[in-house]
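Working notes, beginning with the structure itself.
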Ligand SMILES: Cc1cc2nc3c(=O)[nH]c(=O)nc-3n(C[C@H](O)[C@H](O)[C@H](O)COP(=O)(O)O)c2cc1C
């Protein structure tokens, strides 16, 4: 059984991350989830636990996590990391190498040979900004795979590029990385 570490940011597309987790679990992978605080406000982490049968983590400074080091545990457990959806804020933090929450700290603690894929999801104007494009370029240079967002109607009411790709396509891409 391969181990997929799913990191989710505070994007409206986080509801699709539950479906991605479910699909990967149904394909026989172990799926553990790390959520940013904002992601966990948009969707309850318990939902990821229900569809994967594995833990979902948010805050390793939580009272209940005393004595544990979740960022090390999940990164040594992982065979692949997929960040879906990746908000503009989470993208910037990953590109800068910040370690100010569990998803970013786990990404930094990931052994160098573990493949990593980022799936940005945001408003088309946000996606087109030089800052966001610069951060995507930085992650590519750092060895990340970048799954380009789809074009279409966005939840914010505009049409353009920024939608999280279909979860079947993301699951396929994750399996391609695992097969390498
Ligand atoms: C309902 C809602 C939906 C949002 N969707 C997105 C989104 O799709 N992409 C994005 O970059 N930010 C989105 N935001 C803004 C982020 O939540 C905000 O920038 C936050 O700081 C993201 O931080 P994090 O992903 O690092 O937790 C949304 C905010 C709200 C309230």
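The values are calculated or read from the model by the stated rules, or taken from the named source; none is laboratory data. Worth saying up front: this structure is predicted, and the values here are computed from it rather than measured. Virtual Cβ from ideal backbone geometry, glycine too; neighbours counted across all protein chains shown.
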List the number of the failed condition for residue 46; all other conditions in (1) away from the ligand (no atom under 16 Å from the Cβ); (2) touching a residue at least 12 places away in the same chain (Cβ under 8 Å); (3) farther than 23 Å from residue 169 by Cβ hold.
(2)
Filtering the stretch 71-86 down to residues that are surrounded by fewer than 24 Cβ atoms within 10 Å (Cβ to Cβ) and within 16 Å of the ligand (Cβ to nearest atom) yields 71
Which condition does residue 100 not pass, out of (1) within 14 Å of the ligand (Cβ to nearest atom); (2) under 29 Å from residue 62 (Cα atoms); (3) not in a loop (DSSP other than H, G, I, E, B), if it passes all the others?
(3)
Suppose we filter the stretch 143-173 for residues that are without any contact (Cβ under 8 Å) to a residue 40 or more places away in the chain, outside any helix (DSSP H, G or I) and out of contact with any strand residue (DSSP E or B) (no Cβ under 7 Å at 6 or more places or on another chain); how many remain?
5
Would you confirm, using the coordinates I've provided, whether residue 174 is farther than 16 Å from residue 24 by Cβ and either surrounded by 13 or more Cβ atoms within 10 Å (Cβ to Cβ) or out of contact with any helix residue (DSSP H, G or I) (no Cβ under 7 Å at 6 or more places or on another chain) (or both)?
no
Would you check if residue 35 is touching a residue at least 60 places away in the same chain (Cβ under 8 Å), away from the ligand (no atom under 15 Å from the Cβ) and in contact with a strand residue (DSSP E or B) (Cβ under 8 Å, 6 or more places away or on another chain)?
no
Is it the case that residue 50 is out of contact with any strand residue (DSSP E or B) (no Cβ under 8 Å at 6 or more places or on another chain), at pLDDT 95 or above and surrounded by fewer than 20 Cβ atoms within 10 Å (Cβ to Cβ)?
yes
So which of 30, 10 ends up being more than 11 Å from the ligand (Cβ to nearest atom) and either surrounded by 16 or more Cβ atoms within 10 Å (Cβ to Cβ) or over 24 Å from residue 149 (Cβ atoms) (or both)?
30
Output for Cβ contacts, cut-off 6 Å, separation at least six or different chains, first residue in contact (Cβ under 8 Å) with a residue 60 or more places away in the chain in the stretch 96-112, second within 13 Å of the ligand (Cβ to nearest atom), reads 101/36; 102/34; 103/7; 103/34; 103/36; 106/34; 107/94
Any idea which residue in the stretch 106-134 is nearest to the ligand (Cβ to nearest atom), counting only those that are buried (at least 21 other Cβ atoms within 10 Å of the Cβ) and within 17 Å of residue 70 (Cβ to Cβ)?
107
For the stretch 135-159, give me each residue that is more than 17 Å from residue 17 (Cα to Cα), surrounded by 13 or more Cβ atoms within 10 Å (Cβ to Cβ) and either at pLDDT below 95 or within 11 Å of the ligand (Cβ to nearest atom) (or both).
156
Since residue 58 meets every condition but one in (1) closer than 27 Å to residue 157 by Cα; (2) crowded, with 17+ Cβ neighbours inside 10 Å; (3) within 13 Å of the ligand (Cβ to nearest atom), which condition does it not meet?
(1)
What number of residues within the stretch 78-90 are within 14 Å of residue 135 (Cβ to Cβ) and either without any contact (Cβ under 8 Å) to a residue 60 or more places away in the chain or more than 13 Å from the chain's Cα centre (by Cα) (or both)?
1
